[in-house]
Amino acid sequence: MSAHIIDGKAVAARLRARIATQVTDFVTAAGRAPGLAVVLVGEDPASAVYVRSKGKATREAGMESIEHRLAADIGQAELLALIDTLNADPAVDGILVQLPLPEGIDEQAVITRIDPDKDVDGFHPVNVGRLATGLDGFVPCTPAGCVMLLKETIGDLTGLDAVVIGRSNIVGKPMAALLIAESCTVTVAHSRTRDLAGVVARADIVVAAVGRPEMVRGEWIKPGATVIDVGINRTEAGLVGDVDFAGAMSVAAAVTPVPGGVGPMTIACLLRNTLISAHRRAGIAFDERAA
Ligand code: NDP
């Protein structure tokens, strides 16, 4: 048996095409394009690549990309002052500060300074609280993309057993919150979990967000499960995920590849959040759930 490969690139391309059309409608109604400000501090090569591709995707969707590149030794006060300026700028609908930040800058202080209603990354504690309580806010892009892929593959997720491996604020915790909202029975595993293989073996849905190459073995996976691999690990053999892809393919029903699975969805969901923000801020009606 060989599993279905979940084509995140294709799903993301369809979402981006839909967003581009909705951007055109927004421009007609509002007389301006949605604006996304991206702030990069320092020279981290992976971060520079992410910022470049976010800028390109933003422009391709017909939105305004406002990029700020700051030296690694910028003081925290200066960075916070830039965020204040972006918070006050009516042309800016979304603000994203690329993480990680250089040492010496308090990441949480920076995230908390962003206006929650422009926090398209969904990392501000106000948006974390909104997600936990089921209020409208901004959902972090990577887990939002994972849920879209799951629904595209499985349909209704109600009642399914889901395991999320990883409990970071960026992926694991919001992923668990979203799966609870989809009425899954959710287990969150982490580095202190006993018998990870046994936990994974019970799951209809496995989401791996660990950062350890091919740690989740094919033989752990329940036959017919759906596997979402968030991991991006640079190895001598190239980019690999957190899941043993070949092993998972021989037992699961569907698996995301790395690259070409979750990654493209993250950027598409960032554009979607920016478009949602632009409509909210302009007071223009928009069916967010259908978007
Ligand atoms: P973090 O390092 O913040 O979190 C990793 C989590 O994995 C922690 O909760 C940790 O547990 C857990 N963990 C570590 N070792 C084990 C183990 N042996 N068994 C079980 N759990 C373990 O990573 P992120 O959440 O930020 O990212 C995870 C991966 O996803 C990375 O590879 C990252 O590159 C990728 N990523 C991909 C994105 C995309 O767009 N595709 C976007 C964001 C991230 P504990 O809490 O106990 O330490």
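For this structure, a couple of remarks:
- Among residues of segment 180-204 being near the ligand (Cβ under 9 Å from one of its atoms) and of a type outside the set (D, E, K, R), the one that is surrounded by the fewest Cβ atoms within 10 Å (Cβ to Cβ) is SER191.
- Residue ranges of helices (runs of 4 or more DSSP H) in segment 1-101 with at least 2 members over 16 Å from ASP121 (Cα atoms), open to solvent by less than 40 Å² (accessible area, probe 1.4 Å) and of a type in the set (Val, Ile, Thr): 8-30
Residue-by-condition table, conditions (1) more than 22 Å from the chain's Cα centre (by Cα); (2) more than 10 Å from the ligand (Cβ to nearest atom); (3) in contact (Cβ under 8 Å) with a residue 60 or more places away in the chain:
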position	(1), (2), (3)
VAL206	no, yes, no
MET215	no, no, no
LYS222	yes, yes, no
ASP229	no, no, no
ILE232	no, no, no
PHE245	no, yes, no
ALA253	yes, yes, yes
THR256	no, no, yes
LEU275	no, yes, yes
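- Residue, surrounded by the fewest Cβ atoms within 10 Å (Cβ to Cβ), within segment 106-164, restricted to residues that are of a type in the set (S, T, N, Q) and within 16 Å of the ligand (Cβ to nearest atom): GLN108
- Looking only at residues of segment 234-243 that are among the charged types (D, E, K, R) and closer than 20 Å to VAL49 by Cα, we find that the one that is nearest to the ligand (Cβ to nearest atom) is ARG234.
- Of all residue pairs spaced 6 or more apart or on separate chains, those with beta-carbon atoms under 7 Å, a first member in segment 190-201 that is under 14 Å from MET215 (Cα atoms) and a second member that is within 6 Å of the ligand (Cβ to nearest atom) and open to solvent by 60 Å² or more (accessible area, probe 1.4 Å) are HIS190/ARG167.
The values are calculated or read from the model by the stated rules, or taken from the named source; none is laboratory data. Being a predicted model, the structure only gives us computed values, none of them experimental. Note that each Cβ is placed from the backbone with ideal geometry, even for glycine, and that neighbours are counted across all protein chains shown. Heavy atoms of the whole protein, side chains included, go into the accessibility calculation; ligands, DNA and RNA do not. Shrake-Rupley method; radii C 1.70, N 1.55, O 1.52, S 1.80 Å.
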